[in-house]
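Note sheet for the following structure.
Every number here is computed from the coordinates shown, using simple stated rules; none is lab data. The model shown is predicted, which means the values in this text are computed figures rather than measured ones. Here the Cβ positions follow ideal geometry from the backbone for every residue, glycine too, while neighbour counts run over all protein chains shown.
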Amino acid sequence: MKNIILADNAGFCFGVKRAVDTSIEEQLKQNKQIYTLGPLIHNNDVVEFLKENKIYPIDITEVNKLKNGDTIIIRSHGVPEKTIKYLNDLNLNIVDATCPFVTNIQKKVQKYSNLGYEIIILGDKEHPEVVGINGWCNDNAIIYKDGNLGSDIPKKVCAVSQTTEKNKNWEKMISQLSVKTKELLAFNTICSATEERQKSVEELAKNVDLMIVIGGKNSSNTTKLFQIANELCSKTIHIENASELNTSFLDSANNIKVGITAGASTPDWVIREVIEICESQMNN
Ligand code: SF4
């Protein structure tokens, strides 16, 4: 007998689902073409699906070509304060789908930067979420990747984290800051969605013979899931959708277990399609 087991936490997280639902609702309400500032999520299937429903990604360098009142959606990563001002100046209708967990970080860095704290962000300075957060404290934050501090540490600090950071990096950074600063405010803003998905795949990959990880090739959280699974299960593949599933991968001996997981930007319908193909192949 062959078994298919889906990881406990797989697929869309709360913030991504909210951004996709908001875009679809907004388009239905307006019944005309609307825009997202950049691809709404790191998943080509979803971006294509949105285009078929008159929701188009547009780059910041192109938004000045939009008409007064056109609708633009801010994606879950959020944007700097100056981007909101720019879109307002263009008289666009802004629909903010920034994940509330990210908005919370933006508000904190704005508040404490105004109160004279130096802002420290743990994260990747190139990632749009971090660029966005930094844009709420005048682009003055000190940004550390991996939790390794530089030599010049301010005395009065407010520390936050990119939502997808690893807890061990946060702990490393805070233990150093606690001895190097005089006044330290620390907000652990790591989102549980990433951690839950990683824990689930770890559990599952240990107990199956084959692992399938579904998600965009440019999705960093999906790539992390693949790396974790691959360390624990040597027969692990990463596919973007069902069309990439080579069914010979499933042609192993009987009595095998197949584990499936998916990144936070992989929609349910893509996961279901993969499961259906696996089921039909395994019942042959
Ligand atoms: S990973 Fe967390 S913070 Fe990021 S969009 Fe999803 S729920 Fe929001």
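Just a few scattered comments:
- Residues in the range 194-228 that are more than 9 Å from Gly259 (Cβ to Cβ) and assigned to a loop (DSSP other than H, G, I, E, B): Gly215, Gly216, Lys217, Asn218, Ser219.
- Matching residues, the range 220-230, being over 22 Å from Asn3 (Cβ atoms) and away from the ligand (no atom under 16 Å from the Cβ): Gln227
- If you go through the range 1-25 and keep only what is more than 13 Å from the chain's Cα centre (by Cα), surrounded by fewer than 17 Cβ atoms within 10 Å (Cβ to Cβ) and in contact (Cβ under 8 Å) with a residue 60 or more places away in the chain, you end up with Met1, Asn3, Ile5, Asp8.
- Among the residues making up the range 129-154, those that are closer than 12 Å to Ile105 by Cβ and either touching a residue at least 60 places away in the same chain (Cβ under 8 Å) or not acidic (Asp, Glu) (or both) are Val130, Gly132, Ile133, Asn134, Gly135, Trp136, Cys137, Ala141.
- 1 or more residues within 16 Å of the ligand (Cβ to nearest atom): qualifying strands (runs of 3 or more DSSP E) within the range 92-178: 93-96, 118-122, 156-161
- Residue satisfying condition, being crowded, with 19+ Cβ neighbours inside 10 Å, acidic (Asp, Glu) and more than 21 Å from Ile74 (Cα to Cα), within set Glu129, Glu165, Glu203, Glu195: Glu165
- In the range 167-179, the qualifying residues are those that are without any contact (Cβ under 8 Å) to a residue 24 or more places away in the chain and out of contact with any strand residue (DSSP E or B) (no Cβ under 9 Å at 6 or more places or on another chain), and the one that is nearest to Lys199 (Cα to Cα) is Lys168.
- Some residue of the range 229-244 being in a helix (DSSP H, G or I), in contact with a helix residue (DSSP H, G or I) (Cβ under 8 Å, 6 or more places away or on another chain) and buried (at least 22 other Cβ atoms within 10 Å of the Cβ): yes
- The selection criterion, being assigned to a strand (DSSP E or B), away from the ligand (no atom under 16 Å from the Cβ) and either farther than 30 Å from Gly263 by Cβ or over 18 Å from the mean Cα position of the chain (by Cα) (or both), does not hold for Leu87.
- Qualifying residue in the range 51-60 (condition: crowded, with 16+ Cβ neighbours inside 10 Å, of a type in the set (A, V, I, L, M) and within 16 Å of the ligand (Cβ to nearest atom)): no
- Scanning the range 233-254 for residues that are within 16 Å of the ligand (Cβ to nearest atom), closer than 19 Å to Asn9 by Cα and under 16 Å from the mean Cα position of the chain (by Cα) turns up nothing.
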